[in-house]
Every structure is written in structure tokens, then in C-alpha cells.
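Enquirer: The structure's right below; bear with me while I get my questions together.
The values are calculated or read from the model by the stated rules, or taken from the named source; none is laboratory data. What you see is a predicted model, and the numbers here were worked out from it, not measured in a lab. Please note: Cβ atoms are built from the backbone with ideal geometry, for glycine as well, and neighbour counts cover all protein chains shown. Keep in mind that these areas ignore ligands, DNA and RNA; they rest on the heavy atoms of the full protein, side chains included. Shrake-Rupley method; radii C 1.70, N 1.55, O 1.52, S 1.80 Å.
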Amino acid sequence: MQQVADDRTLDKNATTGALSKQQSEARDALLKHLVSGGDERLDCDPLTGLNMYGYGPAPRPEDLAFGSSTASTISAAAFATVESFYADLRREMETSSPTAVYDREIGRVRDDLLRLLGLGQSSQPRIDAILATSGTDIHLFSAALLAGEDEPALMTITLMGNETGSGVMMASAGRHFMSRVSSARSVAKGEELRPGDATRNATIAVRNKDGSLRADSEVEEELRGLIELARAAGLRCLLVVTDVSKTSLLAPSLETVMRLKERFGTLLDIMIDACQFRLSAATIRAYLAHGFMVALTGSKFLAGPIFSGALLCPPQMSERFKSRTLPATLADYCGKAEWPEGWAARNILPERANLGLLLRWKAALFELGCFLDIPEDRVVKVLSIFAEAVSDRLANDPAFEPLQSRPLERRELWGASSALRWDEIPSIFSFYLRNFTDGAMLTAAEMAAVYKELAVEGDGVALVRLGQPVRCADFGDVPASALRICLSAPLVVAASRSDEALAAVVAQAMLVLDRTAEAAARQRQGNARDMRRSA
């Protein structure tokens, strides 16, 4: 496959080519910056060089990388682009103010993101973008903005963490969600940003205990009840709509969202959690046109290095937000340049250069640009063929059991439409594993062990990168998790080059599933041996 071949050549040049001492020092500095300017999730183990998700800052094109719902390793092509940019940046910062250079370049990142999404034209209503070190930070920022001092207390409503992220509920309640922030200052995880802040978070499940999907009407009734209770208590509400979730759900449904918005009016604000970035630019624009905020990250579908986030604010939200101040503690999370010009929030923020955030966004925007260069009909073909092949394998191979999902339905945005849009085709496929001998589902602990085994180096064997297990069901009293196999933007770019390249990506996915089934069999066999020994 040409993209893989190109990446391997780039990676070989990037890691084994003859480097001068100066070049080697520059590369080491770049690698350090790529994991700087965030919380402890970026920290790499000194022995393995990998973070808590099992990823490092250097390219690994030999990996079978189908885990973009969790994280990705920077591609060699993106790394080469960022390395060139960083070299120019270093030279300029030697003679100019580093903060001034950073302010200019992070502003260009903001402008480039908006331009690539078709939001940069001066004839359109202005869209403001707040840049953040992660998607979870975005939830914290949106709650802080909506819980202004002159506003009624806020209740945020999110999906449960198994469909969004482990820190989302805490961040949405206006609390520190990790123990260290991007300024490197330690904080008390779980502590309120504003002492005495009355912001609270309510969560809603979209799956039943057995992992099946709850009916939309049932979810809507629960949401309506929560918002009615909030109104009776004098609270405002922020409903976070996830498009798409860890397991490829759009939840709650847009029909539900539109009815709730019509019913509750200005009491209810909406934010679209599109942090997987599995949406077209047109869909993002449509959400903004409805007055909804949109949260994005560059490290999931785009496969940029973790972490980079952005909150897009439509004009009506920008008008509300630009005069609002922030809790003083947010000065440790972000710098002045990451917030829009003219916003009062900038007044409490330091002039601080977060080069890690800048470099990670540059990588993500490189991947976004490559993806957007592909004609949409070709993207639709790649996604459709991949989805058909993977879905058929998961449905018909007894080693797997697909997790229930539903179509990505956005008629409320578009009305009736005969043209298939690429973001209506799933790119995350979630599944349980079964024991070959008795057909029993693997437990959550066994699924975690399979995931770890696949991500460990072997002699001449490529690492398999799947989406981390998602706890989504209980079978009886036994917790169960689903693994995920995913397409990313770089994989789509590679597959779009020719029918042969597309066949090669599909073949890689089948190999990933082969290796996963084999690991599951070994896991169960090992457990059986352990049980016999202990008997």
C-alpha cells in the first residue's frame, strides 16, 4: 500500500538516517514538545516511551493502526511536516519574542481550522474558536462560561462516561478532572474551579444493562424530566449531544434534541460533542447554524497526536460569552492566545506559549487537509466497502459478537436527502469476543488482557492498535466490554488512492480481526489452565 510504503520511508529517514548533533538535539526537543503542555495523560513511561494509552510521540508506520477511537501515533508524513515547521519556529524564536511568535502561529492554526471547515469566509457570520489541550478541557471551559457569576446555577447533562470520556462528567460539573494541568501545576482532582460553585452534572445512559440500546422515546422522557426538575430549581441547562460516541452513536437523537430545544427555549443550551471528528465540514456548519456549540479534537479520526481540542462558538453564543470572565484557576489551563480576540476571558489568562498544543494541532490540520483533498464520492466508496467488510466479518464469524448500534441519522439537520454523506457511514465498529469452545463472551478483564497483548511488541510481529475496551454491559453479574476497530482519516487517504490500496486496507483490517480472535483464544486457554492448577 503506497501510503504505508511512503510512511515507512519517511520513518526510516526520521529515525535511522545520519543526523548531525544539532539535528538530533532538535528532534529530541520536538519529541519532548509533542508530549508537553497537557495533563498527566501525555506522560510517557521512561522505559517504554509510551503514555497511558500505549502511544508515543514518534511515528510507528509498521503498526496495524485501527484504534483511532482511542488515540493514534503521529504519521510519518505529519511528523515530517511538523519537524520542518518546528525547525523554522526554533530559528525565529532565537531572535524574536517566543510568546509573540506563538501568538501569531496559534492564531494561524485557528484560522486554518476554520478555513478548512468552510468557516473562514468574511461573508459568513463570524465563528469564534477556543483552542484547548484536550476534549475534556473543552467540557470544563463550556461549563465555566455558562456558569457565569451573573447567571443562574448550571446543570450539565451528558452521556455516561463509557460513551464519552472518563473525565467528562467531572469537567462538566466545573471540577478539576486530572491532577495536573497544562501549566504543569498540580491541582486537586475533583475540586471545584470556583469554591462553592453550584454547577452540577447529570448523566444519562443510552444502553440497557445488557448493552442493548434504550428506545429514543425512553431517553427523551428521562431528559425532559431532568430539565423540568432543573427549571423548577431555577437552574439553566447545557445538554451535550455526542456525535459520535466511543461506540459510534449519535445520542440523544436529533429529533429528541430539537423537540427539547423547542420546548425549553433559552433555558437550554446545546453543545455537540464531536470530539471524535467523524463529521463532515457541512455537518459541523449545519450544527453551528442551529446555534449549537461544537467541540472537536484532532487526535481521534484525524489521527493527530494526543491531545488537541477546539470549541467552535456560533455568533449568538460568542455574543453571550465575550463579556464573561473566567475562574482564576483556568489561567493554569490555557493562555491568552488560545482564546478569541476581544473576549474578556483573556484578561485573566497569561501570555504563555504552549508549543505542544501548537505542534499537535499542526499535525492534525495536516491530516485534515489531506483528507479534505479526496473527492467525497471516493470517501463514501472507501467507507462503504470497509464498513460492509468489517460488519460482515463481525456478524458471521463466531469469534465475534457485534455491539448493537444504529444508523447515524441527521435528517433534522438536512431534511430528506437522497445523497449519501460520508459521515452517515460508520467508521467505528464495536464488538465482544467469544470463546471458541463454548461460545461464552469474554469478560471485561479478559478483553482488557487481549487488548494489552495485541499492543505489546513481538518478534517481527506488528502491533495491533484497536480502540480500548469500553465497558458497556453486564451479562448476569459479569461485566463485559467491547473492543473497537476503526477507520481514521490517514487510512481513508491511503485507501482512496486506488482500488488495490482500498483492498489492502480491508485486508489489514481482516488481519487485525484474525489476530484479535487468536489472542482471545489464548486468553481463554490460559485462564482454563490457571483454573485447573488452582483446583
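Enquirer: Is there any pair linking a residue in region 201-224 that is among the small types (Gly, Ala, Ser) to one that is loosely packed, with under 14 Cβ neighbours inside 10 Å, with Cβ under 8 Å and at least six apart or on different chains, and which?
Expert: Between residues of region 201-224 that are among the small types (Gly, Ala, Ser) and residues that are loosely packed, with under 14 Cβ neighbours inside 10 Å, there is no close pair.
Enquirer: Within region 275-288, does at least one residue satisfy the condition of being modelled with pLDDT of 95 or more and in a strand (DSSP E or B)?
Expert: No, region 275-288 has no match at all.
Enquirer: What number of residues within region 473-514 satisfy the criterion of being modelled with pLDDT of 95 or more and out of contact with any Ser or Thr (no Cβ under 6 Å at 6 or more places or on another chain)? Please lay out each step first, then the result.
Expert: Step one: filter region 473-514 for residues modelled with pLDDT of 95 or more, giving 481-514.
Keeping just the survivors that are out of contact with any Ser or Thr (no Cβ under 6 Å at 6 or more places or on another chain) gives 481, 483, 485, 489, 491-514.
Of the residues in that region, 28 qualify.
Enquirer: Additional query: Return the total of residues in region 234-280 being surrounded by fewer than 22 Cβ atoms within 10 Å (Cβ to Cβ), without any contact (Cβ under 8 Å) to a residue 40 or more places away in the chain and aliphatic (A, V, I, L, M).
Expert: The qualifying residues number 1.
Enquirer: How do the pairs read when you match residues in region 326-342 that are under 15 Å from ARG108 (Cβ atoms) and among the small types (Gly, Ala, Ser) with residues anywhere that are open to solvent by 10 Å² or more (accessible area, probe 1.4 Å) and outside any loop (DSSP other than H, G, I, E, B), using Cβ under 7 Å and keeping only pairs 6 or more apart or on different chains?
Expert: Taking only residues 6 or more apart or on different chains, the pairs are ALA337/ASP103; ALA337/GLY107.
Enquirer: Then there is this: Regarding region 92-102, can at least one residue be identified that is open to solvent by less than 10 Å² (accessible area, probe 1.4 Å), in a loop (DSSP other than H, G, I, E, B) and in contact (Cβ under 8 Å) with a residue 12 or more places away in the chain?
Expert: Checking region 92-102: not a single residue is open to solvent by less than 10 Å² (accessible area, probe 1.4 Å), in a loop (DSSP other than H, G, I, E, B) and in contact (Cβ under 8 Å) with a residue 12 or more places away in the chain.
Enquirer: Quick one: is ARG497 closer than 26 Å to SER384 by Cα and part of a loop (DSSP other than H, G, I, E, B)?
Expert: yes
Enquirer: Is region 103-116 home to any residue that is modelled with pLDDT of 90 or more, open to solvent by 60 Å² or more (accessible area, probe 1.4 Å), more than 26 Å from ILE428 (Cα to Cα) and of a type in the set (Asp, Glu)?
Expert: Looking through region 103-116, at least one residue is modelled with pLDDT of 90 or more, open to solvent by 60 Å² or more (accessible area, probe 1.4 Å), more than 26 Å from ILE428 (Cα to Cα) and of a type in the set (Asp, Glu).
Enquirer: Hey, another quick one. Show the residue pairs meeting these rules: Cβ distance below 7 Å; 6+ apart or different chains; first residue within region 62-85 and of a type in the set (D, E, K, R); second residue buried (at least 21 other Cβ atoms within 10 Å of the Cβ).
Expert: Matching pairs, first to second residue: ASP63/THR73; ASP63/ARG465; GLU83/LEU30.
Enquirer: Working carefully through the options GLY467, GLY439, find the one that is modelled with pLDDT of 95 or more and within 21 Å of PRO402 (Cβ to Cβ).
Expert: Values: GLY439 fails: modelled with pLDDT of 95 or more.
Testing whether each residue is modelled with pLDDT of 95 or more and within 21 Å of PRO402 (Cβ to Cβ) leaves just GLY467.
Enquirer: If you don't mind, there's one more thing I want to ask. What number of residues within region 202-220 are of a type outside the set (Val, Ile, Thr), assigned to a helix (DSSP H, G or I) and either surrounded by 12 or more Cβ atoms within 10 Å (Cβ to Cβ) or in contact with a Gly (Cβ under 8 Å, 6 or more places away or on another chain) (or both)?
Expert: 3
Enquirer: Can you name the residue in region 347-370 that is part of a helix (DSSP H, G or I) and surrounded by fewer than 20 Cβ atoms within 10 Å (Cβ to Cβ) and is also modelled with the highest pLDDT among such residues?
Expert: Out of the qualifying residues, it is GLY369.
Enquirer: Continuing with the same structure: Would you please name the residue that is nearest to ALA202 (Cα to Cα), looking only at residues in region 221-233 that are of a type in the set (Gly, Ala, Ser) and open to solvent by 10 Å² or more (accessible area, probe 1.4 Å)?
Expert: Result: GLY225.
Enquirer: Run GLU163 past the list (1) assigned to a strand (DSSP E or B); (2) in contact with a Ser or Thr (Cβ under 8 Å, 6 or more places away or on another chain) and report the number of the one that doesn't hold.
Expert: Tallying (1) assigned to a strand (DSSP E or B); (2) in contact with a Ser or Thr (Cβ under 8 Å, 6 or more places away or on another chain), GLU163 fails exactly one: (1).
Enquirer: Give me a count of the residues in region 389-435 that are over 22 Å from the mean Cα position of the chain (by Cα) and part of a loop (DSSP other than H, G, I, E, B).
Expert: Number satisfying all stated conditions: 10.
Enquirer: Only one of these conditions is not met by LEU223: (1) assigned to a strand (DSSP E or B); (2) in contact with a Ser or Thr (Cβ under 9 Å, 6 or more places away or on another chain). Which number is it?
Expert: It fails just one condition, (1).
Enquirer: Restricting the search to region 21-52, which residues are more than 26 Å from the chain's Cα centre (by Cα) and part of a loop (DSSP other than H, G, I, E, B)?
Expert: Passing the criteria: only LEU47.
Enquirer: Restricting to region 149-160, and then to whatever is in contact (Cβ under 8 Å) with a residue 40 or more places away in the chain and open to solvent by 10 Å² or more (accessible area, probe 1.4 Å), can you tell me which residue is farthest from ALA202 (Cα to Cα)? Lay out the reasoning, then the answer.
Expert: First, the residues of region 149-160 that are in contact (Cβ under 8 Å) with a residue 40 or more places away in the chain: 149, 151-160.
Next cut, open to solvent by 10 Å² or more (accessible area, probe 1.4 Å) only: 149, 151-153, 155, 160.
On the way: GLU149: 21, GLU151: 19, PRO152: 17, ALA153: 14, MET155: 7, MET160: 9 Å.
Restricting to residues being in contact (Cβ under 8 Å) with a residue 40 or more places away in the chain and open to solvent by 10 Å² or more (accessible area, probe 1.4 Å), the top hit is GLU149.
Enquirer: Considering only residues of region 284-313 that are within 21 Å of LEU30 (Cα to Cα) and small (Gly, Ala, Ser), which is surrounded by the most Cβ atoms within 10 Å (Cβ to Cβ)?
Expert: Only one residue tops the list, namely GLY304.
Enquirer: GLY120 is checked against (1) assigned to a helix (DSSP H, G or I); (2) open to solvent by 40 Å² or more (accessible area, probe 1.4 Å) and fails just one. What number does that condition carry?
Expert: For GLY120, the failing item is (1).
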